[in-house]
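Below you'll find the structure, written out as structure tokens, and then a few comments.
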Amino acid sequence: MDGAQLTQQIINGLTLGCLYGLIAIGYTLVYGILRLINFAHGDVLMVGCYMAWFGAVQFGLPWWAALMGSMLLTALLGVLIDQGAYRPLRRAPRISALITAIGVSFFLENLGLVVFGGRPKAFLRPEVFNHIYQWGSVRVLSLSVWTPIITGLILAGLLIIIYRTRLGMAMRALSRDLVTVRLMGIDTNRVVAATFAIGSALAAAGGVLWAMKYPQINPLMGVLPGLKAFVAAVLGGIGNVAGAMIGGLLLGLAEILLVAWLPELAGYRDALAFVLLIGILLFKPTGIIGEELPE
Amino acid sequence: MPGCLGVRALRLALAALLCLLAAGPAAAQAPPIVVGVVLPMTGPVAAYGQMCWIGMQIAQQMQPSALGRPLKLVLADNKSDNVEAANATSRLLKKEQAVAILGPATSGRALAVAPLAEQAQRPMISPTATNPLVTQGRKYAFRVCFIDPFQGQVAARYAYRHLKARRAAVLIDVAQDYCVGLAAFFMREFTLLGGQIAAQVKCNTGDQDFSAQLGTVKQSGADILYLPNYYTEDALVARQARELGLKIPLLSGDGAQAPELIKIGGPAVEGFTFTAHFHPAGVQGQRAAQFLRRYEQMKKAGQVKEDLTGFHALGADSYLVLADALARAGTTEGPKLRAALAATRGFAGVSGAINIGPDGNAVKSAVLLKVKKGKFDYVTTMNP
């Protein structure tokens with residue numbers, strides 16, 4: 001593999017990793033606050049994609065309006081899921097909420113099959129993202145340049161919310177001790193709802209970028225990105241927003257380089273993600289930059 | 001009181017009349033013959049199932065009965081999944097008492113269903129499963145399409161002789177029996193002809209990122225990429241190939257003929273070529289003409305949107321061949337029905353003449369289709 005080729009593959013890997021990271025942030029956010037692994041996250045992403053598809057393809061909205069609309073509606077869906085499925089279980093053992101999350105995931109997938117139909121739909125890639133930049137034999141899609149920029153902006157906005165606003169302060173407090181925070185007179189349900197809204201809007205954003213890169217959507221499209229993003233979140237240290245991003249980038253790079261260097265093992269690409277998951281859980285369960293919270 | 005009585009009598013008479021009306025047609029008609037249909041209506045290859053199903057329904061309108069009994073199609077979704085396919089088949093055979101199974105559409109699923117049909121001694125007819133193993137060594141497994149050793153050979157010859165390709169790269173979806181088999185047959189023939197396999201790269205059904213594989217292909221200096229995979233993967237590969245500046249011709253198999261290939265692939269699939277079962281331009285015979293007419297009517301009525309493909313035609317043919325065999329067998333009993341199916345010769349189906357060969361396989365020619373201006377365009381016919 002020559003230099004250009006290696007550069008190309010590294011760029012491919014980082015592009016994929018950025019998408020994993022963006023989706024992983026949503027996972028990690030909800031986990032950080034509720035200690036709930038929201039397995040429905042990938043399916044929320046799918047719903048977000050369909051919302052954007054309806055906006056852009058059916059109603060002919062410009063892509064940014066479709067994206068905004070989709071993020072808004074998906075945030076609403078997140079709040080509804082929390083209200084309907086998770087809030088009644090707030091005091092139940094954690095495993096009950098986890099099982100419910102898997103139930104919500106199946107529910108959304110099958111609802112999607114009924115409402116949207118089983119055949120994939122073509123997603124639109126706006127002109128801005130469709131240019132190709134070329135340096136020698138290295139080619140980069142403009143979408144791949146925009147993805148890290150958009151991800152960076154979202155990440156920055158999120159960090160501002162978490163560390164610079166009262167809502168963020170409440171979220172951080174909640175992640176330490178839900179009961180005590182409630183005793184302090186904070187409406188925990190509202191904070192949790194806000195967390196779900198933000199997490200789901202992020203899923204929609206990640207999903208739309210994903211669907212622009214791989215322009216087909218179907219009701220089961222969220223499963224694999226969802227699982228991979230979960231692995232990325234654990235890899236980086238679940239509960240840690242920056243860690244999710246790093247985990248995503250590492251996973252994307254690892255997958256692409258595995259296929260590039262060892263084409264024979266390309267069939268094991270998905271297995272690689274889960275081998276990494278098992279490895280990190282065995283040897284460093286807190287992830288790369290995750291830390292134990294003080295008891 | 002008399003008035004009351006009168007009303008009651010009237011009600012009784014009405015009820016009796018209603019009973020008669022309801023029972024009348026049922027009594028005159030024999031109980032239906034149940035035909036089980038196992039198709040992927042959802043999941044990664046949903047397009048195949050939905051297209052086959054439309055074809056079967058039109059065929060049923062064309063020939064609604066056999067042996068003086070109406071034919072009833074009972075559909076079960078296999079969700080593009082092997083386990084679901086096996087479960088659905090068991091249910092159709094045991095609970096619905098289906099006399100035969102039509103489907104599945106893909107080889108992996110057909111391989112899961114065939115042993116169950118064999119055990120129940122009731123025929124399975126797949127419209128489009130092309131892997132040779134589906135029917136090999138089985139008495140009750142049939143199909144109305146050609147098989148992959150032939151399809152791979154045709155593709156290799158087209159690549160070598162018509163496109164003058166000498167170094168082929170092959171991208172194989174290792175999760176599908178169909179793709180693995182077809183790729184192997186292509187590579188065998190291509191090397192026999194004197195070509196070289198420059199690169200062999202792999203992927204999995206459901207993969208969306210092929211940039212790493214395509215990078216390897218680009219570096220290998222191949223002058224053609226053979227990708228005998230399903231339509232979603234094909235469309236995404238075509239787009240990413242163009243994005244990475246890979247300009248060599250793309251050649252695929254019959255799995256590519258779904259409208260999604262063009263919808264998702266867009267301009268990137270212009271010139272995309274593949275071997276296929278059928279093109280409406282090449283139809284012959286009355287039955288095919290009638291089928292085409294009905295399909296056009298449905299299209300005008302807005303019931304279907306897409307153009308007619310091989311999946312519609314072969315879905316119809318699987319049904320028509322079964323109806324024909326039922327009439328010749330004179331019974332729905334498995335072993336006799338099987339014998340009648342195996343004796344199918346020169347049946348004028350929608351997709352052409354169907355002869356069931358020794359292994360339960362149809363012997364047919366293949367067509368080469370190419371995407372041109374967003375449509376599937378006929379290139380040539382290759383005979384066995």
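The values are calculated or read from the model by the stated rules, or taken from the named source; none is laboratory data. Keep in mind that what you see is a predicted model, and the values were worked out from it rather than measured. Don't worry about glycine lacking a Cβ; one is built from the backbone with ideal geometry, like all the others, and counts go over all protein chains shown.
Specify which of the listed residues (B:N78, B:N87) is farther than 21 Å from B:C145 by Cα, buried (at least 17 other Cβ atoms within 10 Å of the Cβ) and assigned by TED's automatic domain parsing to the domain that holds B:E306.
B:N87
Applying the selection to the stretch B:293-328, what residues are aliphatic (A, V, I, L, M) and either buried (at least 23 other Cβ atoms within 10 Å of the Cβ) or closer than 19 Å to B:F376 by Cβ (or both)?
Selection gives B:M298, B:V304, B:L308, B:A313, B:L314, B:A316, B:L320, B:V321, B:L322, B:A325, B:L326.
May I ask you to list the residues in the stretch A:93-123 that are part of a loop (DSSP other than H, G, I, E, B) and within 10 Å of another protein chain (Cβ to nearest Cβ)?
A:G117, A:G118, A:R119, A:P120, A:F123, listed by residue number.
Please go through the stretch B:164-183 and pick out each residue that is at pLDDT below 95 and assigned to a loop (DSSP other than H, G, I, E, B).
Of everything in the stretch B:164-183, those that are at pLDDT below 95 and assigned to a loop (DSSP other than H, G, I, E, B) turn out to be B:V174, B:A175, B:Q176.
Can you pull out the residues in the stretch B:242-292 that are of a type in the set (V, I, T), under 18 Å from B:V144 (Cβ atoms) and surrounded by fewer than 24 Cβ atoms within 10 Å (Cβ to Cβ)?
B:V283, the sole residue that qualifies.
State yes or no: is A:G17 over 30 Å from A:F129 (Cα atoms) and in contact (Cβ under 8 Å) with a residue 60 or more places away in the chain?
Considered against the rule, which asks whether it is over 30 Å from A:F129 (Cα atoms) and in contact (Cβ under 8 Å) with a residue 60 or more places away in the chain, A:G17 comes out as no.
Go over the candidates A:T28, A:T74 one by one and state the one that is assigned to a helix (DSSP H, G or I), within 23 Å of A:P120 (Cβ to Cβ) and polar (S, T, N, Q).
The conditions single out A:T74.
Taking the condition modelled with pLDDT of 95 or more and in the same structural domain as B:L93 (by TED's automatic domain parsing), does B:L308 pass?
Against the criterion (modelled with pLDDT of 95 or more and in the same structural domain as B:L93 (by TED's automatic domain parsing)), B:L308 does not qualify.
Counting only residues that are closer than 20 Å to A:G226 by Cβ and at the interface with chain B (Cβ under 9 Å from one of its Cβ atoms), which one in the stretch A:253-267 is farthest from the chain's Cα centre (by Cα)?
The extreme case among them is A:I256.
Scanning the stretch A:124-141 for residues that are within 18 Å of A:T15 (Cα to Cα) and not in a strand (DSSP E or B), which turns out farthest from the other protein chains (Cβ to nearest Cβ)?
The residue in question is A:V128.
In the set B:A198, B:A165, which member is touching a helix residue (DSSP H, G or I) at 6+ places or on another chain (Cβ under 7 Å), in contact (Cβ under 8 Å) with a residue 60 or more places away in the chain, aliphatic (A, V, I, L, M) and more than 9 Å from chain A (Cβ to nearest Cβ)?
B:A165
Looking at the stretch B:54-73, I want the residues that are in contact (Cβ under 8 Å) with a residue 12 or more places away in the chain and have a partner that is assigned to a helix (DSSP H, G or I) and among the charged types (D, E, K, R) with Cβ atoms under 9 Å, at least 6 apart or on another chain. Which pairs are those?
These pairs meet every condition: B:G55/B:D317; B:I58/B:R294; B:A59/B:D317; B:Q61/B:R294; B:M62/B:R287; B:M62/B:R294; B:Q63/B:D324; B:A66/B:D324.
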